[in-house]
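K.L.:
Following this message is one structure expressed as structure tokens.
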Amino acid sequence: MGCSPGLTWRGCLALLLLLGLRMAASMEIYTPGSVEALNGTDVRLKCTFRSKEPVGQLLVIYWNFQSRDKSPTEFVFHYQDQAYPPQTGRFLGRVTWDGNALKSDASILLWNVSPGDNGTFSCHIKNPPDVDGVPGEIKLSVVLKVSFSEIHVLALTIGGACALMIVIVIVVVVCRQRRNARKDQAEETEMPEKEKLRGVPEEEREATLPGGEA
């Protein structure tokens, strides 16, 4: 692509540089932003991406970690055609690959979290010629007990509604059974009276039945 005659060589160079950066920095990385996990449990650190280039062997994924006290960044995980877990450090034996590169998923699984894991996990992805612009970040908070979230409230609401429906069904069934029992009892009470009137002349039967003439 040539430059316009009206542009100086510096303007032309700046334009080409800008276009080159826009073409190269097209990698988009998505993370949830923050995650809360219970002490001693496992947590999935989700990271997905979108690239204009087909995913192949040039794809590079790596995770870093920085604690809340802003200590030096630590290596967490590396993936390039296969998983390369850490060989030293706090994450040794505690990180496994849980993504799918062909489905644009770069997630990892962190085992047995503790308060020492409080900090920011960053997900970096390169898929040449696409490069990572802004890394995806996840701020992990490890708590000693789980706080109520919107999901918990929703679960309790649904559970309460289901319990109420079950109670209503039970009440309806019990009421029907009692009504049927009273009906059967009334029929059983009327039967002996009818049995006694068998063989009695109709005039006397009408006079004997309740409401009849004496």
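The values are calculated or read from the model by the stated rules, or taken from the named source; none is laboratory data. On a predicted model such as this, the values are computed, not experimentally measured, just so you know. Neighbour counts run over all protein chains shown; Cβ positions are idealised from the backbone, glycine included.
K.L.:
If you take the residues in segment 57-82 that are touching a Pro at 6+ places or on another chain (Cβ under 7 Å) and under 22 Å from Gly119 (Cα atoms), which one is surrounded by the fewest Cβ atoms within 10 Å (Cβ to Cβ)?
P.N.:
Within segment 57-82, the match that is surrounded by the fewest Cβ atoms within 10 Å (Cβ to Cβ) is Phe75.
K.L.:
Separate question: Let me spell it out: the conditions are (1) modelled with pLDDT of 90 or more; (2) outside any strand (DSSP E or B), and Val167 meets all of them except one. Which number is the exception?
P.N.:
Going through the list (1) modelled with pLDDT of 90 or more; (2) outside any strand (DSSP E or B), Val167 breaks only (1).
K.L.:
State which residue is surrounded by the fewest Cβ atoms within 10 Å (Cβ to Cβ) when the search covers only segment 121-139 and only residues that are over 12 Å from Ile29 (Cβ atoms) and under 21 Å from the mean Cα position of the chain (by Cα).
P.N.:
Lys139
K.L.:
Please find, among Ala37, Ala25, the residue that is at pLDDT 90 or above and either buried (at least 16 other Cβ atoms within 10 Å of the Cβ) or among the small types (Gly, Ala, Ser) (or both).
P.N.:
Sole residue among the options that is at pLDDT 90 or above and either buried (at least 16 other Cβ atoms within 10 Å of the Cβ) or among the small types (Gly, Ala, Ser) (or both): Ala37.
K.L.:
Report, by residue number, each residue of segment 48-68 that is touching a Gly at 6+ places or on another chain (Cβ under 9 Å) and more than 11 Å from Ala101 (Cα to Cα).
P.N.:
Phe65, Gln66, Ser67, Arg68
K.L.:
Please go through segment 57-72 and pick out each residue that is part of a loop (DSSP other than H, G, I, E, B) and touching a residue at least 40 places away in the same chain (Cβ under 8 Å).
P.N.:
Leu58, Leu59, Arg68
K.L.:
Suppose the filter is crowded, with 18+ Cβ neighbours inside 10 Å and of a type in the set (Lys, Arg); does Arg94 pass it?
P.N.:
For Arg94, the condition - crowded, with 18+ Cβ neighbours inside 10 Å and of a type in the set (Lys, Arg) - is met.
K.L.:
Scan segment 81-107 residue by residue and report those that are closer than 18 Å to Val43 by Cβ, touching a residue at least 24 places away in the same chain (Cβ under 8 Å) and in contact with a Ser or Thr (Cβ under 8 Å, 6 or more places away or on another chain).
P.N.:
Residues satisfying the conditions are Asp98, Gly99, Asp105, Ala106, Ser107.
K.L.:
Quick check: anything in segment 74-97 under 20 Å from Tyr30 (Cβ atoms) and in a loop (DSSP other than H, G, I, E, B)?
P.N.:
No, the conditions are met nowhere in segment 74-97.
K.L.:
Moving on to the next point. Examine segment 124-145 for a residue that is over 28 Å from Gln80 (Cα atoms), at pLDDT below 85 and part of a loop (DSSP other than H, G, I, E, B), and state whether such a residue exists.
P.N.:
Yes, segment 124-145 contains at least one residue that is over 28 Å from Gln80 (Cα atoms), at pLDDT below 85 and part of a loop (DSSP other than H, G, I, E, B).
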